[in-house]
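Below you'll find the structure, written out as structure tokens, and then a few comments.
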Amino acid sequence: MAKLKWRGGTLLSPVPPAMVTCSDGEHDNVLTIAWTGIINSDPPKTYISVRPSRHSYEMIKKSGVFAVNLTTKELVKAADWCGVYTGAKVDKFERCRLQKEKASEIDCPILAQSPLVLECRVTDVIPLGSHDMFLADIVAVDVDEALVDEDGKLHLDRAGLVAYSHGEYFELGKRIGKFGYSVAKKKTPQRKK
């Protein structure tokens with residue numbers, strides 16, 4: 001496969017268009033972040049990278065907490081809108097009809113409409129250039145009970161999650177494998193007796 005060589009750029013794709021909620025104790029905000037991910041399992045850690053000029057930056061830096069709310073196909077228009085407009089000039093919760101719920105472990109709201117929320121406590125702020133990375137412990141996970149079966153298994157495939165790829169949103173859908181399927185032993189068909 002022939003490839004063109006471009007200079008370094010931010011083309012890792014797809015990424016989650018996460019709706020991050022935060023509060024400074026007086027005002028709440030929600031912003032859309034694509035620069036996020038899981039960076040450690042034990043302890044569970046994540047990060048978000050935020051431009052220091054963003055309205056939410058000081059809120060997160062002051063409070064030391066934020067919540068990563070996963071975005072569904074029903075939330076994608078609000079996620080896009082919250083990524084374009086600043087909370088310094090408009091109440092995004094009201095404008096996008098987003099319902100706040102109290103987080104279980106941190107002092108900022110979470111989105112009632114989000115099926116899965118990571119409650120995060122900042123451990124480090126790392127200046128990177130255009131963005132600062134808020135490195136955080138995941139101190140709680142809030143899961144919509146409709147996504148958990150009677151055996152306690154989580155089914156995120158039922159959530160209607162979306163991904164962001166090079167300026168476009170996509171609904172996740174067809175499963176094409178699962179962890180370990182490439183090395184799993186094939187089951188031998190049972191013979192009838």
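No value in this document is a laboratory result; all are computed from the given coordinates. Note that this is a predicted model, so its numbers are computed, not measured. Backbone-built Cβ (ideal geometry, glycine too); neighbour counts: all protein chains shown.
Which pairs have Cβ atoms under 6 Å, sit 6 or more apart or on different chains, and link a residue in region 163-183 that is in contact (Cβ under 8 Å) with a residue 40 or more places away in the chain to one that is among the aromatic types (Phe, Trp, Tyr)?
Qualifying pairs under 6 Å: 163/170.
Hey, residue 85 hits all of (1) closer than 17 Å to residue 34 by Cβ; (2) surrounded by 22 or more Cβ atoms within 10 Å (Cβ to Cβ) but one; which does it fall short on?
(2)
Please go through (1) farther than 16 Å from residue 46 by Cα; (2) free of Cβ contacts under 8 Å to residues at least 40 places away in the same chain for residue 139 and return the number of the only condition it doesn't satisfy.
Evaluating residue 139 over (1) farther than 16 Å from residue 46 by Cα; (2) free of Cβ contacts under 8 Å to residues at least 40 places away in the same chain leaves (1) as the failure.
I'd like to know if region 148-160 contains one or more residues that are part of a loop (DSSP other than H, G, I, E, B) and under 23 Å from residue 54 (Cα atoms).
Looking through region 148-160, none of the residues is part of a loop (DSSP other than H, G, I, E, B) and under 23 Å from residue 54 (Cα atoms).
Quick check on residue 182: is it buried (at least 18 other Cβ atoms within 10 Å of the Cβ), among the polar types (S, T, N, Q) and farther than 22 Å from residue 12 by Cα?
Numbers: buried (at least 18 other Cβ atoms within 10 Å of the Cβ): no; among the polar types (S, T, N, Q): yes; farther than 22 Å from residue 12 by Cα: yes.
In short, no.
Can you tell me which of (1) within 25 Å of residue 166 (Cα to Cα); (2) in contact with a strand residue (DSSP E or B) (Cβ under 9 Å, 6 or more places away or on another chain) is the one residue 45 doesn't meet?
(1)
Quick test for you: out of 169, 181, pick the one residue that is among the hydroxyl-bearing types (Ser, Thr, Tyr) and part of a loop (DSSP other than H, G, I, E, B).
Selected residue: 181, the only one of 169, 181 that is among the hydroxyl-bearing types (Ser, Thr, Tyr) and part of a loop (DSSP other than H, G, I, E, B).
Quick check on region 32-53: of everything there that is more than 15 Å from residue 133 (Cβ to Cβ) and within 15 Å of the chain's Cα centre (by Cα), which residue is surrounded by the fewest Cβ atoms within 10 Å (Cβ to Cβ)?
44
Quick one: count up the residues across region 60-73 that are surrounded by fewer than 24 Cβ atoms within 10 Å (Cβ to Cβ) and either among the small types (Gly, Ala, Ser) or more than 15 Å from the chain's Cα centre (by Cα) (or both).
So the answer is 4.
Quick check on region 89-114: of everything there that is over 20 Å from residue 161 (Cβ atoms) and small (Gly, Ala, Ser), which residue is surrounded by the fewest Cβ atoms within 10 Å (Cβ to Cβ)?
The extreme case among them is 104.
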